[in-house]
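Note sheet for the following structure.
Nothing in this text is a laboratory measurement; each read-out follows from the coordinates by a stated rule. Worth saying up front: this structure is predicted, and the values here are computed from it rather than measured. Note that each Cβ is placed from the backbone with ideal geometry, even for glycine, and that neighbours are counted across all protein chains shown.
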């Protein structure tokens with residue numbers, strides 16, 4: 001699992017705990033709302049920019065291996081040494097986890113949204129503050145969630 005997904009999942013898990021906790025616990029976590037919303041925004045940005053960072057990794061590794069003639073021998077299970085049948089070309093990284101990034105992003109936004117709507121319902125956020133917070137994470141408000 002990539003760091004970007006692990007971090008976002010950890011934040012989502014924390015926000016879910018806050019959302020389903022006792023009201024006095026929610027109030028305590030609300031006192032750090034700027035911190036938590038910043039964590040969400042930074043994690044969303046990391047997910048959104050993952051492809052660019054991966055491109056940098058790929059390009060740097062490719063350039064290095066080409067410029068330095070890097071050779072990587074496969075392991076031979078028979079002689080337990082270098083495999084004489086391998087071509088020696090280093091394997092470049094492959095972009096993975098596309099679906100997981102999409103799902104993780106959605107879950108992170110949902111977890112933040114439900115924490116925010118819980119805070120609204122217990123009177124910690126005004127309509128305007130709720131809208132502003134939801135706008136900051138790119139989500140709208142379902143009026144049915146405010147009851």
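For the chain, modelled as a GNM whose springs connect Cα atoms under 10 angstrom apart, the maximal fluctuation among 54, 85, 115 occurs at 85. In a Gaussian network model over the chain where Cα atoms closer than 10 Å are linked, find which of 92, 125, 44 has the largest mean-square fluctuation. Largest GNM mean-square fluctuation: 92. Calculated mean residue ellipticity at 222 nm for the chain: -21500 deg cm²/dmol, from DSSP H runs with n ≥ 4 weighted as -39500 (n - 2.57), summed, divided by the residue count and rounded to 500. Between residue 144 and residue 68, the simple spin-label model (points 7 angstrom out along Cα→Cβ) gives 5.7 nm.
Mean-square fluctuation check for the chain, GNM, Cα pairs under 10 Å: which of 65, 104, 20 is largest? Maximum fluctuation in the GNM of the chain, among the listed residues, is at 65.
Output the 0 to 90 degree angle, nearest 10, between the alpha-carbon long axis of helix 50-68 and the longest principal axis computed from the alpha carbons of the chain. Between the helix axis and the principal axis of the chain, the angle is about 20 degrees.
Each principal axis of the Cα cloud of segment 1-48 was evaluated for its coordinate range; sorted largest first, these ranges are 34, 20, 11 Å. Ordered by the number of other Cβ atoms lying within 10 Å of each residue's own Cβ, fewest first, 136, 12 fall into the sequence 136, 12.
The ranking of 71, 109 by Cβ neighbour count inside 10 Å, starting from the fewest, reads 71, 109.
For the chain, the longest principal axis of the C-alpha atoms and the axis of helix 3-20 are separated by about 20°. The C-alpha atoms of the chain define a longest principal axis, and helix 127-136 lies at about 10 degrees to it. With neighbour counts taken as other beta-carbon atoms within 10 Å, the residues 15, 124 rank, fewest first, as 124, 15. Largest first, the extents of the alpha carbon coordinates of segment 27-147 on the three principal axes equal 70, 31, 25 Å.
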